[in-house]
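To start, the structure itself, in structure tokens.
The values are calculated or read from the model by the stated rules, or taken from the named source; none is laboratory data. On a predicted model such as this, the values are computed, not experimentally measured, just so you know. Cβ placement follows ideal geometry from the backbone for every residue including glycine, while neighbour counts extend to all protein chains displayed.
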Amino acid sequence: MRADASQDQEPINVVLVDDHELFRGGLRDILEDQGVNVVGEADNGERGAELVAELAPDVAVMDLNMPGVGGVEATRRIAAQMPTTSVLVLTISSDDETVMQAMMAGASGYLLKDASVEELVAGIRAAAAGESSISPRIASKLLVWLREGHAEQRTPEVARADLSDREIEVLRLLAAGKGNAAIAEELFISPKTVKNHIASILVKLQIENRIQAAIYAVKAGLV
């Protein structure tokens with residue numbers, strides 16, 4: 001029986017990409033019980049990217065370590081070919097460097113495989129809405145990873161040119177892993193204003209999500 005909370009929300013179409021059939025089947029049952037439509041499944045990244053192109057789901061839930069084409073390359077393909085589909089990484093460990101690579105490739109968020117049902121469904125709904133956030137723990141790891149030279153640096157002046165002073169403040173806090181409410185509290189503005197600033201930042205920088213904005217901030221020397 002579906003959870004009551006899911007009945008009042010728009011259905012979300014999801015493709016599952018994981019090479020473990022038992023895990024994938026269990027995940028499908030959990031999500032469908034929560035009112036999420038699993039429209040396709042793949043056991044490798046190549047087939048996963050193909051399914052996303054065929055089915056245009058709202059979210060692709062992506063494992064990282066798979067034989068053949070892995071989750072990072074599949075994420076890169078999806079981000080390039082199907083930007084309207086968000087990729088949510090579902091991984092065993094946040095310490096895996098492939099998590100960083102997946103973020104760089106265009107993933108909009110990540111969850112650990114031991115996440116609760118509530119966390120999983122919330123993460124999928126957030127990804128579908130384009131509101132996925134980066135946790136402080138993964139944010140700090142991502143910042144260190146980038147600063148160690150895993151990405152080419154941009155010129156700070158170029159990145160700052162089209163952003164207002166307030167947007168740069170918001171971007172810095174976002175890159176530190178703070179959510180909308182925390183940013184609003186620190187800057188003494190409303191969460192709605194924060195959301196508007198973030199939307200403006202994404203448009204000006206021509207990027208898709210908050211994680212890409214955080215990556216951009218590091219590349220530009222803003223944090």
Does any residue in region 64-83 that is buried (at least 17 other Cβ atoms within 10 Å of the Cβ) come within less than 8 Å, Cβ to Cβ, of a residue that is charged (D, E, K, R) and modelled with pLDDT under 90 six or more places away or on a different chain, and which pairs are these?
64/96; 79/208
Being out of contact with any helix residue (DSSP H, G or I) (no Cβ under 8 Å at 6 or more places or on another chain) and among the small types (Gly, Ala, Ser): is that true of residue 221 here?
no
Flagged in region 72-106 as within 16 Å of residue 42 (Cα to Cα), in a helix (DSSP H, G or I) and either out of contact with any Ser or Thr (no Cβ under 7 Å at 6 or more places or on another chain) or outside the structural domain of residue 123 (by TED's automatic domain parsing) (or both), in numbering order, are 73, 74, 75, 77
Return the only residue of 9, 81, 34 being at pLDDT below 90, of a type outside the set (Gly, Ala, Ser) and out of contact with any Pro (no Cβ under 7 Å at 6 or more places or on another chain).
9
If we keep only residues of region 172-205 that are over 16 Å from the mean Cα position of the chain (by Cα) and under 24 Å from residue 101 (Cβ atoms), then the residue surrounded by the fewest Cβ atoms within 10 Å (Cβ to Cβ) is 172
Residues that are touching a residue at least 60 places away in the same chain (Cβ under 8 Å), farther than 21 Å from residue 83 by Cα, part of a loop (DSSP other than H, G, I, E, B) and not basic (Lys, Arg): does region 199-221 have at least one?
yes
